[in-house]
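Each remark here refers to the structure printed beneath this line.
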Amino acid sequence: MDACGSPPPVKRNRQSPTDNEDSIGIRAVLSDEYNEIALIKVHSCQLETKQQLQSVIQELSKKLPRLQHLKRVHDRNVLICPTSDIGDAETLEEHLQRYAFSANVLRALCHQVKVVEVPARMPKLRVQYEQMIQHWPCKFHPNHYSESLRNGSNFSISQRIFHKRMAQLLARLSRDVNKDRPVGICVDPRQSSIVSIAGASESYSAHGHEHCSMLLVDFVARSQQGGALKSDLSFVEDEEKAETTLRGLPKAYYDYLKKNEAYQDLKFGAEVSRKCQPQQQVLLNADHSQGADNLTKYGPYLCTGYDVYLLQEPCLMCSMAFVHSRAKRIFFLRPSDNGALVTRFQLHAVKELNHHYEVFQFTTDGSLT
Ligand SMILES: [Zn+2]
(Lines give C-alpha, C1' and ligand atoms only; values in the text may rest on other atoms or scores of the structure.)
Protein backbone atom coordinates (compact mmCIF):
# COMPACT_ATOMS: atom_id res chain seq x y z
CA MET A 1 0.00 0.00 0.00
CA ASP A 2 1.35 3.49 -0.80
CA ALA A 3 1.45 6.50 1.49
CA CYS A 4 -1.71 8.02 -0.02
CA GLY A 5 -4.02 5.37 1.39
CA SER A 6 -5.81 2.41 -0.11
CA PRO A 7 -4.63 0.81 -3.36
CA PRO A 8 -6.61 1.51 -6.56
CA PRO A 9 -9.56 -0.82 -7.10
CA VAL A 10 -8.73 -3.81 -9.30
CA LYS A 11 -10.63 -3.75 -12.58
CA ARG A 12 -12.18 -7.06 -13.40
CA ASN A 13 -13.23 -8.50 -16.68
CA ARG A 14 -16.46 -10.30 -15.79
CA GLN A 15 -16.18 -12.43 -18.92
CA SER A 16 -12.83 -13.83 -17.95
CA PRO A 17 -12.83 -17.51 -17.01
CA THR A 18 -11.09 -16.57 -13.79
CA ASP A 19 -13.53 -13.81 -12.93
CA ASN A 20 -14.51 -15.28 -9.59
CA GLU A 21 -11.11 -16.63 -8.63
CA ASP A 22 -10.78 -14.28 -5.68
CA SER A 23 -13.97 -15.66 -4.27
CA ILE A 24 -12.51 -19.17 -4.00
CA GLY A 25 -10.47 -20.25 -0.99
CA ILE A 26 -8.75 -23.55 -0.23
CA ARG A 27 -8.70 -25.00 3.25
CA ALA A 28 -6.95 -28.14 4.40
CA VAL A 29 -9.29 -30.63 6.07
CA LEU A 30 -7.13 -31.61 9.02
CA SER A 31 -7.40 -34.43 11.52
CA ASP A 32 -8.23 -33.92 15.19
CA GLU A 33 -4.51 -33.73 15.96
CA TYR A 34 -4.66 -30.12 14.79
CA ASN A 35 -7.49 -29.23 17.15
CA GLU A 36 -7.35 -28.20 20.76
CA ILE A 37 -5.62 -30.67 23.05
CA ALA A 38 -7.60 -31.98 26.00
CA LEU A 39 -6.16 -32.00 29.51
CA ILE A 40 -6.05 -35.13 31.61
CA LYS A 41 -5.81 -35.47 35.38
CA VAL A 42 -2.64 -37.07 36.64
CA HIS A 43 -1.37 -37.89 40.14
CA SER A 44 1.86 -36.15 41.03
CA CYS A 45 4.08 -36.24 44.09
CA GLN A 46 6.72 -33.90 45.42
CA LEU A 47 10.22 -35.14 46.04
CA GLU A 48 11.76 -34.27 49.39
CA THR A 49 15.33 -34.31 48.14
CA LYS A 50 17.08 -34.14 44.78
CA GLN A 51 18.87 -37.38 45.59
CA GLN A 52 15.61 -39.29 45.18
CA LEU A 53 15.23 -38.14 41.59
CA GLN A 54 17.32 -40.72 39.76
CA SER A 55 15.86 -43.84 41.35
CA VAL A 56 12.29 -42.51 41.17
CA ILE A 57 12.56 -41.70 37.44
CA GLN A 58 14.32 -44.95 36.64
CA GLU A 59 11.65 -47.09 38.28
CA LEU A 60 8.76 -44.99 36.96
CA SER A 61 9.91 -45.14 33.36
CA LYS A 62 10.29 -48.91 33.63
CA LYS A 63 7.09 -49.71 35.50
CA LEU A 64 4.71 -46.92 34.43
CA PRO A 65 6.07 -45.89 31.04
CA ARG A 66 3.02 -43.92 29.88
CA LEU A 67 3.08 -40.09 29.66
CA GLN A 68 6.13 -40.19 27.37
CA HIS A 69 5.04 -36.96 25.70
CA LEU A 70 5.50 -35.08 28.97
CA LYS A 71 8.47 -34.05 31.05
CA ARG A 72 8.20 -36.40 33.98
CA VAL A 73 9.64 -33.97 36.53
CA HIS A 74 8.86 -30.30 36.88
CA ASP A 75 9.86 -28.22 39.90
CA ARG A 76 10.47 -31.36 41.96
CA ASN A 77 6.96 -32.52 41.12
CA VAL A 78 6.89 -35.95 39.51
CA LEU A 79 4.08 -37.29 37.34
CA ILE A 80 2.98 -40.74 38.49
CA CYS A 81 -0.04 -41.94 36.45
CA PRO A 82 -3.41 -40.70 35.16
CA THR A 83 -6.11 -40.74 37.83
CA SER A 84 -8.23 -42.81 35.45
CA ASP A 85 -5.77 -45.71 35.79
CA ILE A 86 -6.75 -46.21 39.40
CA GLY A 87 -9.83 -48.29 40.17
CA ASP A 88 -12.71 -46.94 42.28
CA ALA A 89 -11.98 -49.26 45.15
CA GLU A 90 -8.23 -48.68 45.46
CA THR A 91 -5.93 -45.95 46.67
CA LEU A 92 -2.90 -44.68 44.79
CA GLU A 93 -0.65 -46.54 47.19
CA GLU A 94 -2.51 -49.81 46.66
CA HIS A 95 -2.30 -49.27 42.92
CA LEU A 96 1.44 -48.64 43.04
CA GLN A 97 2.05 -51.72 45.19
CA ARG A 98 0.95 -53.87 42.26
CA TYR A 99 4.02 -52.71 40.33
CA ALA A 100 6.50 -53.80 42.97
CA PHE A 101 8.28 -50.50 43.45
CA SER A 102 11.18 -50.54 45.87
CA ALA A 103 10.31 -49.33 49.36
CA ASN A 104 12.22 -46.04 48.98
CA VAL A 105 10.60 -45.13 45.71
CA LEU A 106 7.14 -46.11 46.89
CA ARG A 107 7.56 -43.83 49.89
CA ALA A 108 8.71 -40.98 47.65
CA LEU A 109 5.77 -41.46 45.28
CA CYS A 110 3.28 -41.24 48.13
CA HIS A 111 4.67 -37.99 49.50
CA GLN A 112 2.56 -34.85 49.07
CA VAL A 113 0.42 -36.34 46.36
CA LYS A 114 -1.84 -34.03 44.40
CA VAL A 115 -3.73 -34.07 41.11
CA VAL A 116 -2.45 -31.91 38.24
CA GLU A 117 -3.88 -31.30 34.78
CA VAL A 118 -1.53 -32.05 31.88
CA PRO A 119 -1.83 -32.27 28.06
CA ALA A 120 -3.32 -35.58 26.89
CA ARG A 121 -0.97 -35.86 23.87
CA MET A 122 2.00 -34.26 22.17
CA PRO A 123 1.27 -30.95 20.38
CA LYS A 124 1.49 -30.89 16.59
CA LEU A 125 1.49 -27.10 16.19
CA ARG A 126 3.45 -24.39 17.94
CA VAL A 127 0.27 -22.66 19.05
CA GLN A 128 -0.86 -25.88 20.79
CA TYR A 129 2.58 -26.25 22.36
CA GLU A 130 2.55 -22.74 23.77
CA GLN A 131 -0.87 -23.32 25.27
CA MET A 132 0.07 -26.68 26.74
CA ILE A 133 3.33 -25.70 28.45
CA GLN A 134 1.32 -23.34 30.58
CA HIS A 135 -0.10 -26.48 32.18
CA TRP A 136 2.94 -28.76 32.14
CA PRO A 137 6.18 -28.98 30.11
CA CYS A 138 5.77 -31.34 27.16
CA LYS A 139 7.78 -32.57 24.20
CA PHE A 140 7.29 -30.95 20.79
CA HIS A 141 8.83 -31.53 17.36
CA PRO A 142 8.21 -28.39 15.27
CA ASN A 143 7.14 -29.24 11.73
CA HIS A 144 7.10 -26.52 9.11
CA TYR A 145 4.75 -28.39 6.77
CA SER A 146 2.13 -29.00 9.49
CA GLU A 147 2.22 -25.32 10.35
CA SER A 148 1.79 -24.35 6.70
CA LEU A 149 -1.22 -26.65 6.27
CA ARG A 150 -2.81 -24.98 9.25
CA ASN A 151 -2.15 -21.40 8.17
CA GLY A 152 -2.76 -22.02 4.46
CA SER A 153 0.75 -21.17 3.26
CA ASN A 154 1.43 -24.68 1.95
CA PHE A 155 0.76 -23.77 -1.69
CA SER A 156 2.79 -21.37 -3.82
CA ILE A 157 0.88 -18.62 -5.61
CA SER A 158 0.98 -20.47 -8.93
CA GLN A 159 -0.13 -23.75 -7.34
CA ARG A 160 -3.01 -21.95 -5.66
CA ILE A 161 -4.08 -20.40 -8.96
CA PHE A 162 -4.03 -23.80 -10.64
CA HIS A 163 -6.11 -25.48 -7.91
CA LYS A 164 -8.70 -22.70 -8.07
CA ARG A 165 -8.83 -23.04 -11.82
CA MET A 166 -9.62 -26.72 -11.43
CA ALA A 167 -12.46 -25.79 -9.05
CA GLN A 168 -13.92 -23.53 -11.72
CA LEU A 169 -13.41 -26.19 -14.34
CA LEU A 170 -15.38 -28.72 -12.26
CA ALA A 171 -18.34 -26.36 -12.07
CA ARG A 172 -18.10 -25.56 -15.77
CA LEU A 173 -17.80 -29.17 -16.96
CA SER A 174 -20.66 -30.29 -14.77
CA ARG A 175 -22.91 -27.54 -16.12
CA ASP A 176 -21.92 -27.68 -19.77
CA VAL A 177 -21.05 -31.32 -20.39
CA ASN A 178 -22.63 -33.49 -17.68
CA LYS A 179 -26.11 -32.02 -17.07
CA ASP A 180 -25.17 -30.66 -13.63
CA ARG A 181 -24.16 -34.11 -12.37
CA PRO A 182 -20.91 -34.62 -10.42
CA VAL A 183 -17.59 -34.59 -12.27
CA GLY A 184 -14.00 -35.33 -11.29
CA ILE A 185 -10.60 -34.49 -12.74
CA CYS A 186 -7.31 -36.30 -12.11
CA VAL A 187 -4.11 -34.33 -12.57
CA ASP A 188 -0.43 -35.21 -12.62
CA PRO A 189 0.84 -32.31 -10.48
CA ARG A 190 4.39 -32.60 -11.81
CA GLN A 191 3.32 -31.05 -15.11
CA SER A 192 -0.14 -29.78 -14.09
CA SER A 193 -1.40 -32.12 -16.78
CA ILE A 194 -4.95 -33.50 -16.88
CA VAL A 195 -4.77 -37.31 -16.88
CA SER A 196 -8.48 -38.18 -16.75
CA ILE A 197 -11.89 -36.62 -16.48
CA ALA A 198 -15.05 -38.48 -15.46
CA GLY A 199 -18.67 -37.53 -14.92
CA ALA A 200 -21.28 -39.44 -12.97
CA SER A 201 -23.74 -41.13 -15.29
CA GLU A 202 -27.50 -40.69 -15.12
CA SER A 203 -28.03 -43.69 -12.87
CA TYR A 204 -25.15 -42.91 -10.51
CA SER A 205 -27.24 -42.65 -7.37
CA ALA A 206 -28.62 -46.15 -7.92
CA HIS A 207 -25.36 -47.77 -9.05
CA GLY A 208 -22.31 -47.21 -6.92
CA HIS A 209 -19.86 -48.11 -9.66
CA GLU A 210 -21.20 -45.21 -11.71
CA HIS A 211 -20.18 -42.59 -9.13
CA CYS A 212 -17.81 -40.22 -10.87
CA SER A 213 -14.94 -41.12 -8.49
CA MET A 214 -15.23 -44.81 -9.35
CA LEU A 215 -15.26 -43.95 -13.05
CA LEU A 216 -12.33 -41.58 -12.57
CA VAL A 217 -10.20 -44.28 -10.93
CA ASP A 218 -11.11 -46.61 -13.80
CA PHE A 219 -10.29 -44.03 -16.45
CA VAL A 220 -6.90 -43.40 -14.82
CA ALA A 221 -6.35 -47.16 -15.11
CA ARG A 222 -7.25 -46.86 -18.84
CA SER A 223 -4.36 -44.44 -19.20
CA GLN A 224 -2.17 -47.27 -17.88
CA GLN A 225 -3.58 -49.87 -20.31
CA GLY A 226 -5.99 -51.12 -17.64
CA GLY A 227 -9.57 -50.22 -16.73
CA ALA A 228 -12.25 -52.73 -15.86
CA LEU A 229 -15.56 -50.96 -16.44
CA LYS A 230 -17.43 -51.23 -19.70
CA SER A 231 -18.22 -47.78 -20.97
CA ASP A 232 -20.31 -46.48 -23.85
CA LEU A 233 -18.14 -43.38 -23.97
CA SER A 234 -15.59 -42.84 -26.68
CA PHE A 235 -12.13 -41.91 -25.48
CA VAL A 236 -9.38 -39.88 -27.06
CA GLU A 237 -6.94 -42.03 -29.00
CA ASP A 238 -3.20 -41.55 -28.92
CA GLU A 239 -1.18 -40.69 -31.94
CA GLU A 240 1.49 -43.21 -32.75
CA LYS A 241 4.61 -42.94 -30.60
CA ALA A 242 3.06 -40.17 -28.49
CA GLU A 243 5.13 -39.39 -25.40
CA THR A 244 2.08 -39.00 -23.19
CA THR A 245 -1.24 -40.78 -23.34
CA LEU A 246 -4.70 -39.27 -23.60
CA ARG A 247 -6.48 -42.61 -23.20
CA GLY A 248 -7.97 -41.62 -19.82
CA LEU A 249 -9.94 -38.75 -21.34
CA PRO A 250 -13.48 -39.18 -22.67
CA LYS A 251 -13.82 -37.34 -25.98
CA ALA A 252 -16.83 -35.27 -24.87
CA TYR A 253 -14.82 -33.45 -22.16
CA TYR A 254 -11.62 -33.23 -24.17
CA ASP A 255 -13.35 -31.80 -27.25
CA TYR A 256 -15.27 -29.28 -25.14
CA LEU A 257 -12.06 -27.98 -23.56
CA LYS A 258 -10.08 -28.02 -26.81
CA LYS A 259 -12.77 -25.97 -28.54
CA ASN A 260 -13.05 -23.43 -25.74
CA GLU A 261 -10.67 -20.52 -26.13
CA ALA A 262 -10.36 -19.98 -22.39
CA TYR A 263 -8.76 -23.41 -21.93
CA GLN A 264 -6.17 -23.41 -24.69
CA ASP A 265 -3.30 -23.37 -22.20
CA LEU A 266 -4.45 -26.47 -20.30
CA LYS A 267 -2.14 -29.46 -20.54
CA PHE A 268 -3.49 -32.97 -21.11
CA GLY A 269 -2.07 -36.46 -20.88
CA ALA A 270 -0.39 -38.94 -18.55
CA GLU A 271 3.10 -40.30 -18.58
CA VAL A 272 3.03 -43.62 -20.44
CA SER A 273 3.12 -46.53 -18.02
CA ARG A 274 6.56 -48.09 -17.68
CA LYS A 275 6.96 -51.81 -17.54
CA CYS A 276 7.09 -52.45 -13.82
CA GLN A 277 9.43 -55.23 -12.71
CA PRO A 278 7.85 -57.44 -10.02
CA GLN A 279 10.64 -56.35 -7.69
CA GLN A 280 9.77 -52.69 -8.18
CA GLN A 281 6.14 -53.47 -7.54
CA VAL A 282 7.01 -54.78 -4.08
CA LEU A 283 9.00 -51.65 -3.32
CA LEU A 284 6.13 -49.52 -4.48
CA ASN A 285 3.69 -51.31 -2.23
CA ALA A 286 5.97 -50.85 0.74
CA ASP A 287 6.74 -47.19 0.21
CA HIS A 288 3.37 -45.59 -0.28
CA SER A 289 4.01 -42.50 1.81
CA GLN A 290 6.21 -40.89 -0.83
CA GLY A 291 3.58 -40.70 -3.57
CA ALA A 292 5.12 -38.05 -5.79
CA ASP A 293 8.59 -39.57 -5.45
CA ASN A 294 7.25 -42.98 -6.40
CA LEU A 295 5.53 -41.52 -9.44
CA THR A 296 8.84 -40.11 -10.64
CA LYS A 297 10.81 -43.23 -9.72
CA TYR A 298 8.52 -45.93 -11.05
CA GLY A 299 6.15 -44.16 -13.43
CA PRO A 300 2.35 -44.13 -13.20
CA TYR A 301 0.76 -46.77 -11.02
CA LEU A 302 -2.93 -46.33 -10.17
CA CYS A 303 -3.33 -42.78 -8.81
CA THR A 304 0.08 -42.70 -7.06
CA GLY A 305 1.26 -39.10 -6.87
CA TYR A 306 -1.83 -37.78 -8.65
CA ASP A 307 -4.17 -35.05 -7.46
CA VAL A 308 -7.92 -35.53 -7.68
CA TYR A 309 -10.43 -32.69 -8.01
CA LEU A 310 -14.09 -33.47 -7.35
CA LEU A 311 -17.21 -31.38 -7.63
CA GLN A 312 -18.82 -33.32 -4.77
CA GLU A 313 -17.27 -34.66 -1.60
CA PRO A 314 -16.91 -38.41 -2.23
CA CYS A 315 -18.95 -41.08 -0.40
CA LEU A 316 -17.23 -43.72 1.75
CA MET A 317 -16.91 -46.21 -1.12
CA CYS A 318 -15.33 -43.63 -3.42
CA SER A 319 -13.06 -42.29 -0.66
CA MET A 320 -11.83 -45.85 -0.09
CA ALA A 321 -11.26 -46.27 -3.81
CA PHE A 322 -8.84 -43.33 -3.64
CA VAL A 323 -7.10 -44.93 -0.66
CA HIS A 324 -6.67 -48.18 -2.61
CA SER A 325 -5.45 -46.32 -5.67
CA ARG A 326 -3.09 -44.18 -3.53
CA ALA A 327 -4.15 -40.70 -4.63
CA LYS A 328 -1.88 -37.97 -3.30
CA ARG A 329 -4.41 -35.23 -2.59
CA ILE A 330 -8.18 -34.85 -2.92
CA PHE A 331 -9.73 -31.43 -3.51
CA PHE A 332 -13.50 -31.06 -3.49
CA LEU A 333 -15.89 -28.22 -3.98
CA ARG A 334 -19.23 -29.14 -2.45
CA PRO A 335 -19.97 -31.18 0.67
CA SER A 336 -22.23 -34.23 0.18
CA ASP A 337 -24.84 -35.56 2.62
CA ASN A 338 -23.06 -38.91 2.60
CA GLY A 339 -19.55 -37.45 2.27
CA ALA A 340 -16.75 -39.40 3.95
CA LEU A 341 -14.04 -36.70 4.16
CA VAL A 342 -15.77 -33.94 6.14
CA THR A 343 -19.50 -34.46 6.48
CA ARG A 344 -19.97 -37.94 7.96
CA PHE A 345 -16.44 -39.10 8.49
CA GLN A 346 -12.77 -38.15 8.07
CA LEU A 347 -11.51 -41.21 6.28
CA HIS A 348 -8.08 -39.69 5.65
CA ALA A 349 -7.59 -39.24 9.40
CA VAL A 350 -8.02 -42.97 10.15
CA LYS A 351 -4.58 -44.01 11.34
CA GLU A 352 -5.09 -47.73 10.68
CA LEU A 353 -5.36 -47.31 6.89
CA ASN A 354 -2.26 -48.18 4.90
CA HIS A 355 -2.39 -45.04 2.76
CA HIS A 356 -3.31 -41.46 3.59
CA TYR A 357 -4.04 -38.68 1.15
CA GLU A 358 -4.39 -35.03 2.04
CA VAL A 359 -7.81 -33.42 1.72
CA PHE A 360 -8.62 -29.85 0.77
CA GLN A 361 -12.00 -28.21 0.48
CA PHE A 362 -12.63 -25.25 -1.79
CA THR A 363 -14.54 -22.51 -0.06
CA THR A 364 -16.59 -20.09 -2.13
CA ASP A 365 -18.89 -17.15 -1.66
CA GLY A 366 -21.58 -19.12 -3.49
CA SER A 367 -20.75 -17.96 -7.02
CA LEU A 368 -19.51 -21.42 -7.97
CA THR A 369 -22.00 -23.58 -6.14
ZN1 LIG B 1 -19.34 -42.44 -4.33
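Remarks
- Test: residue in region 123-143 that is in contact with a strand residue (DSSP E or B) (Cβ under 7 Å, 6 or more places away or on another chain) and part of a strand (DSSP E or B): yes
- Selection status of Tyr204, surrounded by 11 or more Cβ atoms within 10 Å (Cβ to Cβ) and either within 16 Å of the ligand (Cβ to nearest atom) or under 24 Å from Gln159 (Cβ atoms) (or both): yes
- Selection from region 296-317 of residues that are in a helix (DSSP H, G or I), farther than 19 Å from Gly227 by Cα and within 16 Å of the ligand (Cβ to nearest atom): Leu316
- Qualifying residue in region 209-218 (condition: within 16 Å of the ligand (Cβ to nearest atom) and in a loop (DSSP other than H, G, I, E, B)): yes
- Being within 27 Å of the chain's Cα centre (by Cα) and at pLDDT below 95 is a description that applies to Tyr301.
- Only listed residue being part of a helix (DSSP H, G or I) and under 15 Å from the mean Cα position of the chain (by Cα), chosen from Val342, Val323: Val323
- Per this entry, Glu271 is counted among residues that are away from the ligand (no atom under 16 Å from the Cβ), over 25 Å from Leu316 (Cα atoms), buried (at least 17 other Cβ atoms within 10 Å of the Cβ) and of a type in the set (Asp, Glu).
- One residue alone among Arg190, Arg175, Arg181 is of a type in the set (D, E, K, R), assigned by the TED database to the domain that holds Ser223 and part of a helix (DSSP H, G or I), and that residue is Arg175.
- If you go through region 109-128 and keep only what is of a type outside the set (S, T, N, Q) and surrounded by fewer than 21 Cβ atoms within 10 Å (Cβ to Cβ), you end up with Cys110, His111, Val113, Lys114, Val115, Val116, Glu117, Ala120, Arg121, Met122, Arg126, Val127.
- Sole residue being in contact with a helix residue (DSSP H, G or I) (Cβ under 8 Å, 6 or more places away or on another chain) and more than 29 Å from Ser23 (Cα to Cα), chosen from Val113, Val195: Val113
- For Glu48, the conditions (1) within 24 Å of Ala120 (Cβ to Cβ); (2) part of a loop (DSSP other than H, G, I, E, B) all hold with the exception of (1).
- You will find that of Val220, Val177, the residue that is aliphatic (A, V, I, L, M) and surrounded by 20 or more Cβ atoms within 10 Å (Cβ to Cβ) is Val220 and no other.
- Just one of the numbered conditions (1) away from the ligand (no atom under 12 Å from the Cβ); (2) touching a residue at least 40 places away in the same chain (Cβ under 8 Å); (3) more than 21 Å from Asn178 (Cα to Cα) is not true of Ala321: (1).
- Just one residue in the set Leu79, Leu106, Leu60 is in contact with a strand residue (DSSP E or B) (Cβ under 9 Å, 6 or more places away or on another chain) and either on the phi > 0 side of the Ramachandran plot or assigned to a helix (DSSP H, G or I) (or both); that residue is Leu60.
- Filter result for Ser234 (more than 13 Å from the ligand (Cβ to nearest atom) and within 16 Å of Phe332 (Cα to Cα)): no
- Any hit, region 240-248, residues being buried (at least 19 other Cβ atoms within 10 Å of the Cβ), over 23 Å from Asn294 (Cα atoms), touching an Asp or Glu at 6+ places or on another chain (Cβ under 6 Å) and hydroxyl-bearing (Ser, Thr, Tyr): no
The values are calculated or read from the model by the stated rules, or taken from the named source; none is laboratory data. From a predicted model like this one, the values you see are computed outputs, not experimental measurements. Please note: Cβ atoms are built from the backbone with ideal geometry, for glycine as well, and neighbour counts cover all protein chains shown.
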